[in-house]
Amino acid sequence: MTALSLRQIVAQELARIGFEAVSRPPERARSTVFIAALPGFAVRSYPSGRRVYIVQRRIGGRMRTVTIGNAAVMTDAVARDVASSILLRCQIGENPADTRATVRSAPAFPAFLDEYWQRMARQWKPRTIETHDGYRRLHLDNAFVGKFVDQIETADVARWLARLTDGSGPGAANRCLSILHSMMRKAEDWGYRAEGSNPCAGVKANRRRRCERFLSDQELARLGQALRNAEATHPMHAAAVTVILLTGCRKSEILGLRWSEVKGNRLMLSDSKTGARTVWLGDEARAVLNRLGRRKPADRVFRLNGSSRNALDWFWRTARNDAALPEVRLHDLRHSFASFAARRSETLPIIGKLLGHAKVTSTARYAHLDDASALSAAEIIGNSILDASHISKRARRPAISSMAQLCAAPPCR
């Protein structure tokens, strides 16, 4: 039903009861007044009384119209200055309506999420796909409901991150923010957002809690005993943990290791978190692998019952409890490997090569020195300065060289 037919029905019903319909004056069409001093610049008036400044220009055979602003809040001089700039840019080939055309072509966020996944997932590793699919299902599929991808602002992302942090924790929120940041960068590359408009750029991720845990000599001794005790019942599990400890490998690298990648005194990994890499094996690590007995090249080195990841996690929880290390993660063995290398004065590039890091900055957070080593170094340096300066003649305490000496040393007075 049109407005005209509705008015006719109203008039008929009023006439039936003896009333005459009130006639409405015809609405005035909008009018546009062009400013002769600046061709293309005009003031457009609407029947409601609203007035706006516009610029019209024929580009590519089509008449393009761009609204500058409302005349109620913008002076004529300001509008004229903006119009001059727009017309000048049109003369050098820019199209002022391109931004509006881009906005109209931008998909809704759910549609863009589907497109991003289809185009990018083929470049991801299987483990990355598994992880990203989980984050998408839990935290991205229902995010920014009702918004187009170009309408998402920094404030929207900040509110979403805050809700996600409260509900799922800072770690999951940071991972999702990283995924969204990549999505918005691709939205710019694919023409859905203006260049440099990534709304995630102005949002700070949650502060990360550094896990600085590494094992002392005494803790390693307890862990070694626990692994030896487990060899009788779970030899394959104990061997896998031992190789992780002796090489600093990631859990995924050891669980995915195949015999075709074991080459003498090295592991030639075809894939890892940072791509293909070489892992050097010491004598003890080689001995552990030799005791397993070599099988077909395509066979996995560590064949665990059920899901390899779950089976190793279960074994690790048992082994760490037997070693009285209930809070230590399996990944902390990798920290410990790097820490022992740092205590032997190995350089960060060498440690990074052993760990398979692409950047030295990634290695720096693993290169811890334990309290005993740091205290010993401070004592030695301080004694050297005293010898050279003769500042004090008091008796010096000997440098502490081990954690056991640190624990046995009397407190300073």
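Numerical summary
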{"quantity": "Cα gyration tensor shape of region 250-300, rounded if a/c is under 1.5, else prolate or oblate by comparing a/b with b/c", "calculated": "oblate"}
{"quantity": "J(HN,Hα) series, region 213-224, from Karplus relation 6.51 cos²θ - 1.76 cosθ + 1.60, nearest Hz, glycine and proline x", "calculated": "7, 8, 8, 7, 4, 5, 5, 5, 5, 5, 5, x"}
{"quantity": "Tensor-based shape of region 218-364 (alpha-carbon gyration tensor, a/c under 1.5 rounded, otherwise prolate or oblate)", "calculated": "oblate"}
{"quantity": "Potential extension, Arg30-Asn70 segment - 0.36 nm per residue separation minus Cα distance", "calculated": "12.9 nm"}
{"quantity": "For Met63, Met183, order by how many other beta-carbon atoms lie within 10 Å, fewest first", "calculated": "Met63, Met183"}
{"quantity": "Residues with amide H under 5 Å from that of Leu215, placed H, sequence gap 5 or more", "calculated": "Ser336"}
{"quantity": "When each of Lys296/Lys353; Lys186/Lys273; Lys147/Lys204; Lys251/Lys353; Lys273/Lys296; Lys251/Lys296 is checked by Cα-Cα distance, pairs over 19 Å", "calculated": "Lys296/Lys353; Lys186/Lys273; Lys147/Lys204; Lys273/Lys296; Lys251/Lys296"}
{"quantity": "Prolate/oblate/rounded label for region 105-189 (Cα gyration tensor, a/c 1.5)", "calculated": "oblate"}
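Every read-out reported here was derived from the displayed coordinates using simple, explicitly stated rules and does not represent laboratory data. Here the structure is a predicted model, which means the values were calculated and not measured. Reconstructed Cβ throughout: ideal geometry from the backbone, glycine too, with neighbour counts over all protein chains shown.
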